[in-house]
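The values are calculated or read from the model by the stated rules, or taken from the named source; none is laboratory data. Predicted, not measured: the structure shown is a model, and the values here were computed from it. Virtual Cβ from ideal backbone geometry, glycine too; neighbours counted across all protein chains shown.
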Amino acid sequence: MNEDFYELLGVSRDASADDIKRAYRKAARKLHPDVNPSEDAADQMKKVSQAYETLSNPEKRRMYDMGGGTGGFGGFGGGGASFDFSDIFDMFTGGQGRAQGPIPRQRRGNDILRRVAVSLDDIVFGSEAEVDFRTAVACTRCSGSCCEPGTSPSRCSTCSGTGHVQRVTQSLLGQMVQMAPCSVCHGHGDVIENPCTECSGHGRVQQKRTITVTIPSGLENGTRIQLRGEGEVGEAAGPSGDLFVEIAIEDHDTFHRDGTNLIARITVSMVAAALGTTITLPTFDGDKEVQIRPGTQPGEIITLDGFGITQFRSDKRGDIHLDVDVEIPTKLSREQQDLLRQFADARDEPDVAEAPRNAANEPRTAGRKSRFSKLRDRLRDL
Ligand SMILES: [Zn+2]
Ligand SMILES: [Zn+2]
C-alpha cells in the first residue's frame with residue numbers, strides 16, 4: 001500500500017511535469033491490457049495511474065510530498081473509481097481517436113443529371129439549350145448559416161463542443177471507452193437553437209433554376225456535359241455538386257448520322273434517273289440544288305462535300321451522302337403502258353411486247369410530299 005509514487009513511475013522527486021507524463025505513458029504502454037493481459041499488469045496499471053493522477057496535479061503532488069493524505073490506493077477497492085483507458089488509447093493512436101473533432105455541418109451538394117433533347121441541327125453547328133431543373137440553392141435569409149439572422153449556434157453542453165461522447169463498455173480486457181457521436185448535436189459540437197425559418201436550419205432551399213448550356217457541335221448521342229458547381233448547393237453553404245447535362249439527339253426526318261457525315265436516301269423517278277434532273281434538297285445550310293446526272297443507277301451515292309456535321313472543337317465539317325433510289329412505277333394507265341412499249345420497241349427490247357397488259361390503273365402519284373416519308377422508312381433499314 002505504501003509504494004512510493006515516484007518509484008512507481010520511475011522518476012526522481014524533482015521530476016518535471018513533462019518527465020512524469022512521459023514516465024506514465026511509458027508505463028501505460030507496457031501495462032496496457034492489449035499488450036499485457038495479466039492480472040498483475042492490471043493491478044500495476046491501477047497503481048501507476050493513481051500515482052500519475054496525484055503527481056500530475058500540482059496541488060495533489062504538493063500534498064503528497066508533504067506526506068498528506070492522498071489516500072494511497074485505498075480508493076480503488078470498491079468505489080469503482082476506474083481510470084479512463086481512453087487516455088491510454090489516445091497515447092497509442094497519437095490522440096487521433098479523440099482529436100477527430102466535431103463533424104462539420106457543411107456537406108457537399110449532390111450532383112444532378114438532366115437529359116436534354118437537342119435536334120440534329122443543334123449538333124451540326126453547335127447550339128445552346130435551356131435546362132430547367134429543381135435544385136437546392138443557398139438560403140438567402142440566413143446565407144447558409146442555418147440560423148435566424150442575428151443568432152448563431154451555441155456550443156453543445158452535452159459534449160462540450162467536441163461532437164463526441166464517451167461510451168464505456170465492459171469487455172474481457174476490462175473497461176473499454178469508445179467515442180460515439182453526440183446525439184444532442186449530432187456530432188456537430190454546436191446546437192442551432194434558432195433555426196432559420198426560411199430553410200428550417202439547412203442553409204438551403206429547393207428552387208427551380210434555368211440555365212443556358214452551350215451544346216458544342218459534333219457531340220455524340222448520350223454525351224454528358226459537366227457543369228462544375230451547378231448542381232445542388234451543399235447543406236450549410238457546403239460546396240455545390242455538379243450538373244451533368246446528357247444530350248439526347250432527336251431523330252431527323254431526312255438525315256441519318258454517321259459520325260460527322262449525314263446520310264439521306266433520295267428517290268428519283270425512273271425517267272428522271274434516265275434523263276437526268278435537278279432536285280432541291282433541304283439541308284442544314286438551306287436548300288441545295290443537287291444534279292442527278294443522266295443514267296444515274298439505283299444505289300449510286302452523291303456526295304455534297306462539307307455540308308455535314310461540324311466536328312467537335314473544330315471547324316471541319318463532314319459530308320452529306322445521298323443514296324439514290326430509282327422508283328419503278330407500279331401502276332400504269334393503258335396510255336402509259338403503250339408509251340413504254342413504244343419505248344421498248346425503239347430500243348429493240350423484244351420481251352416487253354409480249355408481256356401481258358396490266359389492268360388499266362391511274363398512275364401512282366409519287367409527288368415530293370411523300371418523298372421524305374419514304375426516305376424515312378428506308379433510312380430505318382440502313
Ligand atoms: Zn436559411
Ligand atoms: Zn453535442
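Per the listing Ala81, Ala23, the residue uniquely over 30 Å from Val191 (Cβ atoms), at pLDDT 80 or above, not in a strand (DSSP E or B) and not assigned by TED's automatic domain parsing to the domain that holds Glu220 is Ala23. Considered as a group, the residues in the stretch 164-217 that are within 16 Å of ligand 1 (Cβ to nearest atom) and within 30 Å of Ala117 (Cβ to Cβ) include one that is surrounded by the fewest Cβ atoms within 10 Å (Cβ to Cβ), and that residue is Gln206.
In the condition set (1) assigned to a loop (DSSP other than H, G, I, E, B); (2) surrounded by 12 or more Cβ atoms within 10 Å (Cβ to Cβ), Glu220 is compliant with all but (2).
In this structure, is Thr212 at pLDDT 95 or above, more than 16 Å from ligand 2 (Cβ to nearest atom) and among the polar types (S, T, N, Q)? Yes: the conditions hold for Thr212. Of all positions in the stretch 226-246, none carries a residue that is under 20 Å from the mean Cα position of the chain (by Cα) and within 30 Å of Ile301 (Cβ to Cβ). Please enumerate the residues belonging to the stretch 230-257 that are out of contact with any Gly (no Cβ under 8 Å at 6 or more places or on another chain) and surrounded by fewer than 16 Cβ atoms within 10 Å (Cβ to Cβ). Listed by number, the residues that qualify are Glu250, Asp251, Asp253.
Can you find a residue in the stretch 173-182 that is in contact with a Ser or Thr (Cβ under 9 Å, 6 or more places away or on another chain), without any contact (Cβ under 8 Å) to a residue 40 or more places away in the chain and within 13 Å of ligand 2 (Cβ to nearest atom)? Yes, because at least one residue in the stretch 173-182 is in contact with a Ser or Thr (Cβ under 9 Å, 6 or more places away or on another chain), without any contact (Cβ under 8 Å) to a residue 40 or more places away in the chain and within 13 Å of ligand 2 (Cβ to nearest atom). Taken over the stretch 136-163, residues that are within 16 Å of ligand 1 (Cβ to nearest atom) and of a type in the set (Ser, Thr, Tyr) amount to 5. The residue list Arg224, Arg167 contains one member that is more than 16 Å from ligand 2 (Cβ to nearest atom), over 30 Å from Ser145 (Cβ atoms) and among the charged types (D, E, K, R), which is Arg224.
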